[in-house]
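The values are calculated or read from the model by the stated rules, or taken from the named source; none is laboratory data. Quick caveat, the model's predicted, so the values are computed rather than measured. Cβ coordinates were reconstructed from backbone atoms using ideal geometry, including for glycine residues, and neighbour counts include every protein chain displayed.
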4 protein chains.
Amino acid sequence: MLIVMHHHATKEQVDQVIAAVKTMGLTAEPIPGSLRTAIGVLGNQGYVDDSTIRTLPGVRETIHVSKPYKMASRDFHPKASVIDVSGVKFGDGQRPVIIAGPCSIETEEQMMVAAKEVKAGGARMLRGGAYKPRTGPHSFQGLGLEGLKYLQQAGRAYDLPVVTEVMRIEQLDTVCQYADMLQIGARNMQNFDLLKEVGKTRHPVLLKRGMSATIEEFLAAAEYILAEGNKNVVLCERGIRTFEKATRNTLDLSVVPLIREMSHLPIIVDPSHATGKRMLVPVMTKAALVAGAHGVMMEVHPNPALALCDGAQSLSGEYFSELMEEIDQLLDFLGYRD
Amino acid sequence: MLIVMHHHATKEQVDQVIAAVKTMGLTAEPIPGSLRTAIGVLGNQGYVDDSTIRTLPGVRETIHVSKPYKMASRDFHPKASVIDVSGVKFGDGQRPVIIAGPCSIETEEQMMVAAKEVKAGGARMLRGGAYKPRTGPHSFQGLGLEGLKYLQQAGRAYDLPVVTEVMRIEQLDTVCQYADMLQIGARNMQNFDLLKEVGKTRHPVLLKRGMSATIEEFLAAAEYILAEGNKNVVLCERGIRTFEKATRNTLDLSVVPLIREMSHLPIIVDPSHATGKRMLVPVMTKAALVAGAHGVMMEVHPNPALALCDGAQSLSGEYFSELMEEIDQLLDFLGYRD
Amino acid sequence: MLIVMHHHATKEQVDQVIAAVKTMGLTAEPIPGSLRTAIGVLGNQGYVDDSTIRTLPGVRETIHVSKPYKMASRDFHPKASVIDVSGVKFGDGQRPVIIAGPCSIETEEQMMVAAKEVKAGGARMLRGGAYKPRTGPHSFQGLGLEGLKYLQQAGRAYDLPVVTEVMRIEQLDTVCQYADMLQIGARNMQNFDLLKEVGKTRHPVLLKRGMSATIEEFLAAAEYILAEGNKNVVLCERGIRTFEKATRNTLDLSVVPLIREMSHLPIIVDPSHATGKRMLVPVMTKAALVAGAHGVMMEVHPNPALALCDGAQSLSGEYFSELMEEIDQLLDFLGYRD
Amino acid sequence: MLIVMHHHATKEQVDQVIAAVKTMGLTAEPIPGSLRTAIGVLGNQGYVDDSTIRTLPGVRETIHVSKPYKMASRDFHPKASVIDVSGVKFGDGQRPVIIAGPCSIETEEQMMVAAKEVKAGGARMLRGGAYKPRTGPHSFQGLGLEGLKYLQQAGRAYDLPVVTEVMRIEQLDTVCQYADMLQIGARNMQNFDLLKEVGKTRHPVLLKRGMSATIEEFLAAAEYILAEGNKNVVLCERGIRTFEKATRNTLDLSVVPLIREMSHLPIIVDPSHATGKRMLVPVMTKAALVAGAHGVMMEVHPNPALALCDGAQSLSGEYFSELMEEIDQLLDFLGYRD
């Protein structure tokens, strides 16, 4: 950490800051400049809580050099992680994984048809929501346990591991029984209690980026899970909130190469939620794969026009198959082996 | 809802949309324009789920006229609500409430001193966090139940109702025992399961705006609580995330008069978290009160330089007392009676 | 336009609005709903100025159906435009154009070396800044006319059309003499006087998106140029400002397919300025091409470590050549002919 | 400046960075930490251009301690500036100045009525736009020179100094003849050529914050004017662009106390443009004054419902007079002398 003093800070104020750093068990090294003094803080093994330092008289600002995550950082874990979800592998050297399925689980039949269609298209995992976060209380909220059963059954019928969102701690045991991978939604990215409990399982986790989370906060959220001992974390970019209104969110694809440099964890992309527009999904899927994504999750629904949720961003099964042919050719071109 | 067709949409496409609206039990009224056709949707009693409509061929966009909240809207509840928290009242016609106390509950003594100081200054409620949401897992996470006891004890000793954050459903019963008001933090504003459970109690709730929540989403979150039968909701603006880096968040004070027009629920402001800078708290507190806030919540700590959390934005008790004198004069000037 | 009345608006207020619409020469069609009345405005040939309507009593909001651009819209110009810059073509059916060169023109020799290198790599246009917008007044501001001469000379020597930024109207004649294409920088996207003057020339224009411009504003800026008679506009996405700090801006690639649907104008991408990080340029270039960009502009400098400006995002000539081989393979794969 | 090396940077890389700093004529002081090395840069008299340093191998990031402005900083100019505009003073110790008038100058009569009304209400300066920046080319663009004459005439008739926007360098001489103060609009805050030319005059300048400008960039823009010798700069906050759609922009009032601490230049607020809603103007005006603004600029129009521009945010003259009575009482309460 670097502590920057005000231009007019007195020697006493500098000394008081140095003393405060020492009481934290750290070393303070003053760096006198021509305009102001800065104080380097040494000896910390990670992120320093600067809240007391920032209050001292004469301090203009503190600048963090360490990051609020360590286990998620590639600095301390140079080798890329490969995460195995019931045999499907996410990570460097693996062919990117396409996860597909409806936004919401609606009926047993819908899930069986969806699973059949996405399997036929070449998806390697099945998605579907049993518990749905909805902005307003009067919208369809999901089938719950019944939905989980349909999901598992459809996944088994077509040999597709399944991923579904867990929204609260009480659901965790149940979801672990039915799903191969736990999804933490964007709205829960900083639900730290949920992260910790998920970290106590050894279930693979798909952690979605919060809609206004910085990359630093995203990795710090992953750190909560890793710190509890669960190393099976896959990250998912799903768009961030900006002033632009033409898309639901702004898909931030540069996060893919950045995360690949900063972290050893795999990163996938969800273009359906990011854009909210079906017509953008195919092209952004391909762009994500070229950007280095370890997978893509997209919404496919047997009949998008009748979907109870997010139909506008869902692809039909037929269209999905055509898209998957193009994706396969692209992955071959990019040098991924089957 | 208004459905806007593409410029080149065919008559068949328009007819298909009209038919789809009718199957939803609603009325469709085409509005032919010189450049394109729009279709008005009538007969709905609230927000219409447009996901299936948006997928139909020829549809350019759908525009919502109704809002995703109704019970929180002043349209349907013109009379301003007054919320009573163990005798302290928030709302129109009431003198704005100052809530003060430390960010985190640290020790029994700290809470007793803090309560004494904020009472002496003129605060009418005591705050303190027992469960803390922290960005990284290696920071101080709060005292939990022990903290709740200290908080309640300090509040009783100085006759101050207390408010504290509840982060997960399992904590709810316990927090209800010890606190007069439940705080839902910004990170949980869209933790819908938590909102629903809080809605099943009749405990007063302080609902903080999510850091990237629109006003519409903020009121829709309140709707979750109201829809379960709990009418005791006070809203709290605490800053939104923008590109500006000089403050922790950007305090959005225009939300105060806007919410007062759009909703009947009281709205208070938290300048400590919004700005993250102690020196900005006094002046933004006064600005918030002039903007019409029904209260202000601020961080006061017996010794900010030693605070375990957010010391940089805390005021000392002595300074708080001086500030409260100014605030009292301002409230008198604004015409609020004691 | 749709005018939405307040829930409690009176019949008199509705009538007053209808009368106001009629005085604008337009038709008003009331759409009575169960909760409120809306009023459709018909007969307009384009965007309606709603500022007087919004002030009338009882009006809650106005919703625009028409857009503030028409000549830039694909609705009124369905055929994609192909823009020719001294023989290099941008647009549908054309192989995407790679524009390369240094951020700033520094010396005659630097430009000759840069031109040689980017030509060898396969770039089809040369870029270089003679007039530089710099955040602070104490930074290098560009060589001006001398730089323009170096740029033109280097472009001619290697048969590369050149593009350079014009920052003020007085520079326009001079820049037109030396450059094949005029660049309007992000900071000038809403410098409407400059847009109009550029619109009076017939020089091809590269219009960069403002760093907080919506797509609607971006196309409305292009409309300024088109409305003056200059049809030779190429759009350029260069990143938008968000809360994320890890990149200089957030590259918004979904704008590429969106603009291709909404407008007939070609759209290219500048990954160097968008990300500010050299290591992200190659991968985001490829992602942009897969997303459908009609070209990419990137910074290449003979010796990035000695660049007077933006060296951190420049590629060396050698590295550029390697990247171009990969890009060529990608373009072949995507089906573009040479 | 602080240079932070990668965790795995080699000693050779550190040495190369130190050498590069020395070639810039500066001193490098390595700060070895337990996790990584940082290098302090000393000896600079201001902002350091880091573009070459950031490109060197092993460098993770550079952190600026100095700011890209110096003459605008309170560090180097501790005494608050008072700016005199034809006898009206902006700054510490002065009663805040209310500037009022229509958005656009429309007719001679309109300006005379407006001037009469705002004078009667107690405004001390008159505003009005002769050259208008409009998002689309088909909107009313202003009266130009004719408007300037109406403005000057109305100002003289009622003894009100006038302020109006200058949009391009060619207008500068003319605007200086007719106006007491030059306004630089938000869209031109980084039109550096215009800033420099304005800096060469000695006319007072009202510099509006760009809609996505950080405070640092805002002060750096002021530096452009100051650096040319024109010390008469008044800053103006007018809202920033965020994801919130309920207001036109988000008024960032905390910028007022922050600028007062960081700079010696006066800062005023424009609540009309910031919110875009007439009903929010009065309350946000008062909040701005309580926050410490040295003035407020607001739109007043003889007949808002007939305004050619921005009628929705304009106040009528009658309403303005009522508001001014409240403002005067507030300013008296705040201790400002007449």
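Annotations for the structure displayed:
- Odd one out for B:Met262, checked against (1) without any contact (Cβ under 8 Å) to a residue 24 or more places away in the chain; (2) more than 9 Å from chain A (Cβ to nearest Cβ); (3) surrounded by fewer than 24 Cβ atoms within 10 Å (Cβ to Cβ): (1)
- Test result for B:Val65, within 25 Å of C:Lys67 (Cβ to Cβ), buried (at least 16 other Cβ atoms within 10 Å of the Cβ) and touching a Leu at 6+ places or on another chain (Cβ under 6 Å): no
- Every listed requirement among (1) in contact with a Pro (Cβ under 8 Å, 6 or more places away or on another chain); (2) within 23 Å of D:Asn249 (Cα to Cα); (3) modelled with pLDDT of 95 or more is met by C:Phe218 save one, (1).
- Scanning the range C:273-295 for residues being within 24 Å of C:Asp332 (Cβ to Cβ) and of a type outside the set (Val, Ile, Thr) gives a total of 12.
- Selection within the range C:148-174 - over 21 Å from C:Ile268 (Cα atoms) and under 19 Å from the mean Cα position of the chain (by Cα): C:Arg168, C:Ile169, C:Leu172
- Among the candidates B:Val283, B:Val234, the residue that is surrounded by 24 or more Cβ atoms within 10 Å (Cβ to Cβ) and either of a type in the set (Val, Ile, Thr) or not assigned by TED's automatic domain parsing to the domain that holds B:Pro102 (or both) is uniquely B:Val234.
- Residue count for the range A:36-51, restricted to those that are polar (S, T, N, Q), at pLDDT below 80 and surrounded by fewer than 21 Cβ atoms within 10 Å (Cβ to Cβ): 2.
- Those residues of the range D:138-172 which are closer than 30 Å to D:Ala220 by Cα, at pLDDT below 95 and acidic (Asp, Glu), in sequence order: D:Glu170
- Qualifying residues in the range A:152-184 (those that are in a loop (DSSP other than H, G, I, E, B) and at the interface with another protein chain (Cβ under 9 Å from one of its Cβ atoms)) - the one surrounded by the most Cβ atoms within 10 Å (Cβ to Cβ): A:Met167
- Listed by first and then second residue, the pairs linking a residue in the range A:318-338 that is within 17 Å of A:Val118 (Cα to Cα) to a residue that is part of a loop (DSSP other than H, G, I, E, B), with Cβ atoms under 7 Å apart and 6 or more places separating them unless they lie on different chains, are A:Met324/A:Gly122; A:Asp328/A:Gly122.
- Yes/no for D:Thr107 being under 17 Å from the mean Cα position of the chain (by Cα), among the polar types (S, T, N, Q) and assigned by TED's automatic domain parsing to the domain that holds D:Met189: no
- For the range B:189-231, the set of residues classified as β-branched (Val, Ile, Thr) and farther than 16 Å from B:Ile259 by Cα consists of B:Val198, B:Thr201, B:Val205, B:Ile225, listed by residue number.
- Of residues in the range A:36-72 being within 12 Å of chain B (Cβ to nearest Cβ) and among the polar types (S, T, N, Q), the one farthest from the chain's Cα centre (by Cα): A:Thr55
- Qualifying residue in the range C:242-255 (condition: among the small types (Gly, Ala, Ser), in contact with a Lys or Arg (Cβ under 7 Å, 6 or more places away or on another chain) and buried (at least 24 other Cβ atoms within 10 Å of the Cβ)): no
- Exactly one residue out of B:Ala80, B:Ala120, B:Ala130, B:Ala100 is away from every other protein chain (no Cβ under 14 Å), crowded, with 22+ Cβ neighbours inside 10 Å and of a type outside the set (Asp, Glu), and it is B:Ala100.
- Any chance B:His294 is buried (at least 24 other Cβ atoms within 10 Å of the Cβ) and either modelled with pLDDT under 95 or not assigned by TED's automatic domain parsing to the domain that holds B:Gly128 (or both): no
- Only one of the numbered conditions (1) closer than 28 Å to C:Gly58 by Cα; (2) more than 12 Å from every other protein chain (Cβ to nearest Cβ) is violated by B:Asp270, and that is (1).
- Unmet criterion (only one of (1) in contact with a strand residue (DSSP E or B) (Cβ under 6 Å, 6 or more places away or on another chain); (2) modelled with pLDDT of 95 or more) for C:Gly129: (2)
- For A:Lys196, the stated conditions hold: it is within 13 Å of chain B (Cβ to nearest Cβ) and assigned to a helix (DSSP H, G or I).
- Filter result for D:Ile215 (crowded, with 24+ Cβ neighbours inside 10 Å and of a type outside the set (Asp, Glu)): no
- Within the range C:191-248, the only residue that satisfies the criterion of being within 15 Å of C:Tyr69 (Cα to Cα) and free of Cβ contacts under 8 Å to residues at least 12 places away in the same chain is C:Thr214.
- Subset tally (residues that are away from chain C (no Cβ under 11 Å) and among the hydrophobic types (A, V, I, L, M, F, W, C)) for the range B:1-27: 7
- Strands (runs of 3 or more DSSP E) wholly inside the range B:1-97 that include at least 2 residues being under 30 Å from B:Met181 (Cα atoms): B:83-85, B:88-90
- Verdict on B:Arg187 being at the interface with another protein chain (Cβ under 8 Å from one of its Cβ atoms) and not in a strand (DSSP E or B): yes
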